[in-house]
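Let me begin by presenting the structure, written as structure tokens, before commenting on it.
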Amino acid sequence: MNGKRVPLLFLNLGHAYAHYFMLIHPTVAVALERRGQGDYAALLLPATAGFVAFAAFTLPAGWLGDRWSRRGMMALMFLGLGAASILTGFASGPYQLAAGLFLMGSFAAIYHPVGIAMVAESSDGVGQALGVNGVWGNMGVAAPPLLTGALTGMLGWQAAFFIPGALCLASGIAYLALVPAQRKPRQPLRSAGDAPAAVQASTAIPGRILAYLIVTALMGGLVFASTTVALPKIMEDAFSGGGDALLGAAGLASLIFACASMAQLVTGRAVDRVAPRQLMLLLALLQVPLLLLMVQGGQWQIVALSLGLMLTVFGVIPVQDAIVARHTASAWRARVYAVKYVLSLGVGALAVPIVAWGYDPASGFVRLYLLLAACAVGVAMAALLLPARRYAQAALGDSQ
């Protein structure tokens, strides 16, 4: 492997870890409910602490990444997340569990402002690099339902935290051993012309781009977080009448997430070739009928609709990250990603109580589907603020 491929491999792996660890507990909650250890909504609520930390520590992580060391922050993420997961496995009550999940979210928060900024500078094809990285992140979303369900069923819920935590610790040690420190400090960019073509951008984000990012971070962040948290339960409810419901539902949820993650390869390449306005309008408007149809869908209809929905939800991510990369100078990029993700992850922290509110044992997630459909409409309207022309490879400033 050349000098860029090893660091990029760890950056991609870090994205998978950041999402994987945040979604362990939602599957554990489904498993504990099936064993009669509580109500789903009550069992799910400790995860709120993790999602709050996931958002709250994004801004300081981005600041430290720009001012101290991005490599050092990534090493801290691997080592801290692994240790926090192992500690969470020793929790003996809801408050200790919430504290452990909070600690996990604190270290997982490092990835998006720091890791995404590093990925954006790792390749001449920004959209393609972010698309591949997005697939890894969504494989981290896909794995928890199946792996957590299997570990919980065979070894108990504690193993669902112990084993991934040990792997994450080992990855952190390997990262420090294999990825060298930067030899030259990054210099602040005086102008867009000082940047390489792949990351050339203005220091200030245009007002309408900033407005778009705020709206979509809030509304799109709620759609992403709510669907990823709720999908294992959606599948478990749809197929509760047959076989090993938990493992079967977990397998379906993981399969949907894994298949949907491939959308980022398509949209990541498309954002280098197609106007972002058209891409975002298409993806957001497709979500509305899919969510509304899920209200009355049957078993396999729910599977098909969920797959279509997650294709659009995951497909949005590299488009939004590329927009930030195209409009932000390198020296500010981690902090701008931090602002974007603190909004989307902050509203994502509301996803756990919103999913709990949106679920009714008799009617399922009807209220949740209607709320998310309204959010998708808001994202589509915000897309009208985006440039109408595609980004030129050599001139990445805002154009209309």
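General remarks:
- Solvent-accessible area per residue, Å², over the stretch 255-382 with all protein chains present [probe radius 1.4 Å]: 36
- Given a 1.4 Å probe and the protein chains as shown, LYS4 ends up with an accessible area of around 140 Å².
- Rounded to the nearest 10 square angstrom, ILE302 shows an accessible area of 10 square angstrom against a 1.4 Å probe.
- When the alpha-carbon atoms of the stretch 20-70 are used, the pair Rg, Dmax equals 15.6, 49 angstrom.
- Shape of the stretch 1-105, Cα gyration tensor, a/c cut at 1.5: prolate
- Alpha carbon convex hull of the stretch 274-355, volume per residue in cubic angstrom: 100
The values are calculated or read from the model by the stated rules, or taken from the named source; none is laboratory data. Every value quoted in this text rests on a predicted model; they were computed, and no experiment measured them. Just the protein is used for accessible areas: all its heavy atoms, side chains included, with ligands, DNA and RNA removed. Shrake-Rupley method; radii C 1.70, N 1.55, O 1.52, S 1.80 Å.
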